[in-house]
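The values are calculated or read from the model by the stated rules, or taken from the named source; none is laboratory data. Predicted model only: the values in this text are computed from it and were never measured. With ideal geometry, Cβ positions are generated from the backbone for all residues, glycine too; neighbour counts draw on all protein chains shown. Side chains are part of the model used for accessible areas, which takes the heavy atoms of the whole protein and leaves out ligands, DNA and RNA. Shrake-Rupley method; radii C 1.70, N 1.55, O 1.52, S 1.80 Å.
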Amino acid sequence: ETGVTQTPRHLVMGMTNKKSLKCEQHLGHNAMYWYKQSAKKPLELMFVYSLEERVENNSVPSRFSPECPNSSHLFLHLHTLQPEDSALYLCASSPGHTQYFGPGTRLTVL
Amino acid sequence: SQKIEQNSEALNIQEGKTATLTCNYTNYSPAYLQWYRQDPGRGPVFLLLIRENEKEKRKERLKVTFDTTLKQSLFHITASQPADSATYLCALDGTGGFKTIFGAGTRLFVKA
């Protein structure tokens, strides 16, 4: 295992639900990332936190809201999602350039 | 805009042969190039990192080359095994960090 855990591993939600994805890293890294991966598409960078401050936000819709309470934990709060938001959501941490990914959360929006 | 191209078609090879995967990029001058392996339904796993001033890097059966003139990296797996079957992602990074760009990946199938 890479030292990055994500929960839940699978999530099915309706468009009116509110849910949160959780990521935890046990590697002592200062940077944490959220990516979206859709079938046959490159990883899309959503958010980056360095030392608990957001340093990158790639024009992500406001229905996705990140939270980084400390350097080991990262959340992605979800509300009023659309079916096209269904994807694999990956969390990663990094000490520099190399990234260590969690197993991902498979999200299905009905 | 910055773009990474990897073979979208799957690569099928026989066990024991060398697999060669290609990564081409445009509109970018990366300081670092990385290769990751991803199995279905799982997160990518880091394999190798090569710097812009390095031509080649090896790790066990893996070899990566980096040609900044051609804007291309080649990823080789020698003596391939069925367990090497996976999707391999190329990723580029500048000196500032926090902005790694990933390719869509190439699916490799190694037949016994």
Counting only protein heavy atoms and leaving out ligands, DNA and RNA, the solvent-accessible surface of B:ASP67 at a 1.4 Å probe, in Å² to the nearest 10, equals 50
How well do other chains shield peptide A:88-98, expressed as the mean number of their Cβ atoms within 10 Å of each residue Cβ? 4
With the charge dipole of the protein assembly as shown built from beta-carbon charges (+1 for Lys and Arg, -1 for Asp and Glu) about the Cα centre, the Cα from B:ALA79, A:SER72, A:GLN82 projecting farthest to the positive end belongs to B:ALA79
Just the number, please: carbon plus sulfur as a percent of the accessible area of the protein assembly as shown, 1.4 Å probe, no ligands or DNA/RNA counted. 48
Under the √(5λ) rule applied to the eigenvalues of the Cα gyration tensor, what semi-axes describe the equivalent ellipsoid of chain A? Give them in Å, descending. 22, 14, 13
Number of partner chain Cβ atoms within 10 Å, mean per residue of B:104-112: 1
Residue by residue through region B:68-83, which ³J(HN,Hα) values in whole Hz follow from phi under the Karplus form 6.51 cos²θ - 1.76 cosθ + 1.60 (θ = phi - 60°), with glycine and proline marked x? 6, 6, 7, 6, 8, 10, 10, 10, 10, 10, 8, 6, 4, 10, x, 5
At a probe radius of 1.4 Å, what is the per-residue accessible area of B:THR20, in Å² to the nearest 10? 60
Rounded accessible area of A:SER94 (nearest 10 Å², 1.4 Å probe): 0
Free-standing Cys residues across the protein assembly as shown, given no other cysteine C-beta under 4.7 angstrom: A:CYS68
What aspartates and glutamates could a cross-link reach from A:LYS19, if we take a straight Cα to Cα line under 16 Å and drop same-chain neighbours fewer than 8 places away? A:GLU67, A:ASP85
Need one number: buried accessible surface between chains B and A, 1.4 Å probe, both sides summed, DNA, RNA and ligands left out, in Å² to 100. 1700
In the neighbourhood of A:ALA87 defined by beta carbon distances under 12 Å, the net charge of the other residues (Lys, Arg +1; Asp, Glu -1) is +1
Can you list residues from other chains, or at least 5 along the same chain, whose modelled amide H is less than 5 Å from the amide H of A:THR80? A:ASN17
Counting DSSP beta bridges in the protein assembly as shown, what percent are antiparallel, to the nearest 5? 90
Under 21 Å from the Cα of A:LYS40, which lysines turn up, not counting those fewer than eight places away in the same chain? B:LYS3, B:LYS99
Mean projected area (nm²) of the alpha-carbon convex hull when region B:14-112 is viewed from all directions: 6.3
Under a Cβ-only charge scheme (Lys and Arg +1, Asp and Glu -1), can you give me the dipole magnitude of the protein assembly as shown about the Cα centre, in debye to the nearest 20? 380
